[in-house]
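Student: My structure is below; once you've seen it, I'll send some questions.
The values are calculated or read from the model by the stated rules, or taken from the named source; none is laboratory data. Model, not experiment: these values are computed from the prediction. Cβ placement follows ideal geometry from the backbone for every residue including glycine, while neighbour counts extend to all protein chains displayed. To get the accessible areas, we keep the full protein, side chains included, count just its heavy atoms, and leave off ligands, DNA and RNA. Shrake-Rupley method; radii C 1.70, N 1.55, O 1.52, S 1.80 Å.
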Amino acid sequence: MENSHRFFRNAECKYFPCHKVDDDSEFNCLFCFCPLYCLGPKCGGDFVMRGGVKDCSKCLVPHRPEGYDHIMKKLGAWFAECRKRAQQDAQAPEAADGE
């Protein structure tokens with residue numbers, strides 16, 4: 001794949017590839033740090049919990065060519081959820097002070 005807004009390969013990075021793969025020709029470096037980490041188990045990736053810390057070292061979701069679409073879909077759903085909660089909070093009657 002060519003470098004674009006959906007795919008970026010940095011073969012000159014000293015960590016490239018940061019995950020063990022058989023073929024690094026389509027290894028996507030665009031999401032060097034996965035933006036779905038904060039979603040916990042809702043991310044859809046291959047992770048394990050180790051002492052309360054999410055270990056994504058075996059996950060290749062953000063590094064596959066189709067990873068861009070997966071991440072954008074998950075982020076879109078998360079943003080929609082945040083907007084919905086914000087609207088609900090804005091419409092909720094405020095509790096009186098001291099109650």
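Student: Please give the helix 67-91 orientation as an angle from the longest Cα principal axis of the chain, in degrees from 0 to 90, rounded to the nearest 10.
Tutor: So the inclination is approximately 10 degrees.
Student: At 25 °C and a viscosity of 0.890 mPa s, what translational diffusion coefficient does Stokes-Einstein give for segment 1-69, taking Rh as the Kirkwood radius over Cα pairs? Give it in µm²/s as a whole number.
Tutor: 193 µm²/s
Student: Ignoring everything but the protein chains, give the 1.4 Å probe accessible area of R9 in square angstrom, nearest 10.
Tutor: 80 Å²
Student: In addition: I'd like the FRET efficiency for V48 and R6, computed as 1/(1 + (r/R0)^6) with the beta carbon distance as r and R0 of 41 Å, rounded to 0.05.
Tutor: Once rounded, the FRET efficiency stands at 0.90.
Student: Be a star and scan segment 25-47 for residues whose amide nitrogen sits under 16 Å from the point 7 Å along the Cα-to-Cβ vector of R85.
Tutor: Of the residues in segment 25-47, 36-43 have backbone N under 16 Å from the label point off R85.
Student: Separate question: Could you list, by residue number, the cysteines of the chain that have no other cysteine's beta carbon within less than 4.7 Å of their beta carbon?
Tutor: C13, C18, C29, C32, C34, C38, C43, C82, each lacking another Cys Cβ under 4.7 Å.
Student: What is the sum of charges, Lys and Arg at +1 and Asp and Glu at -1, for the other residues whose Cβ falls under 9 Å from the Cβ of E26?
Tutor: 0
Student: Could you check how much of the accessible area of the chain is carbon and sulfur, as a whole percent, using a 1.4 Å probe? Before the final figure, lay out the partial values.
Tutor: On the way: 4080 of 7610 Å².
The value for the chain is 54 percent carbon and sulfur by accessible area.
Student: Where nothing but the Cβ of Lys and Arg (+1) and of Asp and Glu (-1) is charged, how large is the charge dipole of the chain around its Cα centre, in debye to the nearest 20? Show your work: numbers first, answer last.
Tutor: Numbers: 14 positive and 15 negative charges, 33 e Å.
Result for the chain is approximately 160 debye, rounded to the nearest 20.
Student: In addition: Please list 70-82, 46-58 highest first by mean number of surrounding beta-carbon atoms within 10 Å per residue.
Tutor: Per-residue mean Cβ counts within 10 Å order the peptides as 70-82, 46-58.
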